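Here, each number is a calculation from the coordinates, and none is a lab measurement. Every value quoted in this text rests on a predicted model; they were computed, and no experiment measured them. Ideal geometry is used to build each Cβ from the backbone, glycine not excepted, and the neighbour counts take in all protein chains shown.
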Amino acid sequence: MDYLPTLRQEAQALMPDLAAWRRDFHMHPELGFREVRTAGIVADHLRGLGLEVSSGVGRTGVVAVVEGERLPADAPTVLLRFDMDALPIQEQTTHGFRSQTDGVMHACGHDGHTAIGMGVARLLAQHRGDLAGRVKLVFQPAEEGLGGAKAMIDDGVLDNPRPSAAFGLHLWSRLPLNQVVVQAGPLWANAGLFDLEVHGQGGHGAVPQETVDATLIAGQIVVAWQSIVARNLDPTQTAVLSVGTFHSGDAANVISGYARLSGTIRTFDAAVENRLKQRMQEIADGICQAFGATCRLNFSTCIPATVNSEAGAQLMRPVATALVEPQQVTQITPMMVGEDMSEFLNRAPGCFILVGADPGDGTAGPHHSPTFDFDERMLPTGVALLAGAALAYLEQQAQAGGGRPT
Ligand SMILES: [Zn+2]
Ligand SMILES: [Zn+2]
C-alpha cells in the first residue's frame, strides 16, 4: 500500500477538474432513468481514457472496465459504483452553479459521486500497470428509490467479468469534512414503501348509522400500527414505520367510504421486516373486519439493508487510515437511510463508506433539502479512497489466490 500517498497527491491534483465536473452536473440535474446528458459526459470521458464503454446498461447506466496489463485468466475483478441521479426538488441555494432545470436538483450529492467516478477512472487508467486485476466502473442511474442498481444487475452488469467485491461511497454533509466512516455490518437500512386502501361505505355526514366510515377506520389503523415497533418487535432490534400520506373524503358533509394511506418501513434485518409486514397486515385486516370494511395492503420497492462484510471493512480501514488522518476514520450508529448499493453488496460483498462533506457555513440544509450543499474538498478524498480500495483489493486477491500478473 506504499502507493497510497502518491494516489492521494494525484487525486488532489484533480481538484479543479472534479469541481468543474461536479458543478456542471449540478447545473444540469436529471431524474432517475433520465440521466442521458450525464451518462453521455461520463461515457465520453471514459472513452477518452481509452476504455471500452457500455452505455444503456439498466436504461441509462454506463460501465467500463479498467484492466491491468498481462493478466492471468483468473485475475480478480472488483466493482466500484457511482450513482448519477438527482431529485424532484426545486433548488433554493444561492451559489452560482444552481440547477438550471426547474424542479430538479442534485440534493443528495450524486453530482459529486459522478465527478468522483470520473476522477477514479482517470487515476486507475494512469495506474493500469499497477492493477493486479480488473476494475469494473459502474455509473448507476436511479438510486433514489427507482431501482437503478437492480435494473443494471438485470441487464448483466455483474457478468463478464464477474466482480468478487464491490466498493462505493456516499458523501455526507452532516459529517465533518473528510471524516471517513468505515464499519463492518449494517450501515444503512432496508427501506420499503407501502400503501393501504380502506373500502367502507360512504354516506351523509348526518346519517352515520348507514355508513362505514373509512376515515375513522384508517385512523384506527394508523394508531394501532404504531404499537408494532413498541410491542411486537424485540426491543434490541430497530424498525421505523412512518405513514407519510393519508387521503380520505372530498366533502365536509360526507362520510368518506374510501381512504388511502402510504408510507415507508425501515429495518436492518429481514426477519424484523417480515414480522413488521405481517403485523401491519393482521392489524389492518382485524380493524377493517371489526368495523365492517375491507382493505388492501401493498408493499413495494424494498431496498435491502446496506451491510458491509468483515473482509470489506478490514480492507478499507487501512486504506482510509493511510489517506486521511487516522483519527478521521470513524464509525457511526447505523442510520435508517436506504441505499441500493446494497443490491451490489449482496452479490459481491465489500464496503460502502461515508465521507464527511460538511460545508461548514451553517446555512446549508440536510440531504434531500432544497438548500443542500456540500464541501467540494471531499471530492479528491473520495477519488483516492475508492481508487485505493480497488488497487488494494486486487493486490490482496492476487497474492492470496494466484491471479498474479505474469
Ligand atoms: Zn438520496
Ligand atoms: Zn444518495
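Could the peptides 330-338, 375-383 be put in order, highest first, of the mean number of other beta-carbon atoms found within 10 Å of their residues?
375-383, 330-338
Taking segment 163-207 and a reference point 7 angstrom along Cα→Cβ of Ala271, the backbone N atoms nearer than 17 Å belong to 186, 190. Ranked by the mean number of other Cβ atoms within 10 Å of their residues, highest first, the peptides 300-313, 131-144 fall in the order 131-144, 300-313.
Modelled spin labels at Gln314 and Ala20, positioned 7 Å past Cα toward Cβ, are 4.3 nm from each other.
Based on the Cβ-Cβ distance of Glu325 and His368, what FRET efficiency does E = 1/(1 + (r/R0)^6) give at R0 = 30 Å, to the nearest 0.05?
0.55
Kirkwood Rh over alpha-carbon pairs of segment 190-303, then Stokes-Einstein at 20 °C and 1.002 mPa s: what D in µm² s⁻¹, rounded to an integer? The partial results should precede the final answer.
Working: Rh = 14.6 Å.
The estimated diffusion coefficient comes to 147 µm²/s.
With a simple spin-label model that places each label point 7 Å from the Cα along the Cα-to-Cβ direction, the separation between Ala252 and Asp234 comes to 5.2 nm. Legend: calculated FRET efficiency, Ser262 to Gln90, from the Cβ-Cβ distance at R0 = 30 Å, rounded to 0.05, equals 0.85. By DSSP, the beta bridges lying fully in the chain are antiparallel in about 70 percent of cases. Relative contact order for segment 34-144: what is it in percent, counting Cα pairs under 8 Å that are at least 6 residues apart? Reported relative contact order: 40 percent.
Label zone (Ala13, point 7 Å along Cα-to-C-beta; backbone nitrogen cut-off 12 Å) within segment 322-343: none. As a length-normalised measure over Cα pairs under 8 Å and 6 or more apart, the relative contact order of the chain settles at 26 percent. The gain in end-to-end length when the Glu282 to Thr245 segment is fully stretched comes to 11.3 nm, 0.36 nm per residue minus the alpha carbon separation.
A protection proxy built from the mean count of other Cβ atoms within 10 Å ranks the segments 201-213, 70-82, most packed first, as 70-82, 201-213.
Footprinting exposure proxy ranking of Ser342, Ser227, Ser55, fewest other C-beta atoms within 10 angstrom first, gives Ser227, Ser55, Ser342. Taking the Cα centre of each part, how many Å lie between segment 94-121 and segment 36-69? Segment 94-121 and segment 36-69 have Cα centres spaced 18 Å from each other.
As a proxy for reagent exposure, Ser256, Ser242, Ser248, Ser262 were ordered by neighbouring Cβ count within 10 angstrom, fewest first; the result is Ser242, Ser262, Ser248, Ser256.
Comparing the chain with the 2.2 N^0.38 Å rule of thumb, its C-alpha radius of gyration ratio is 1.11 (two decimals).
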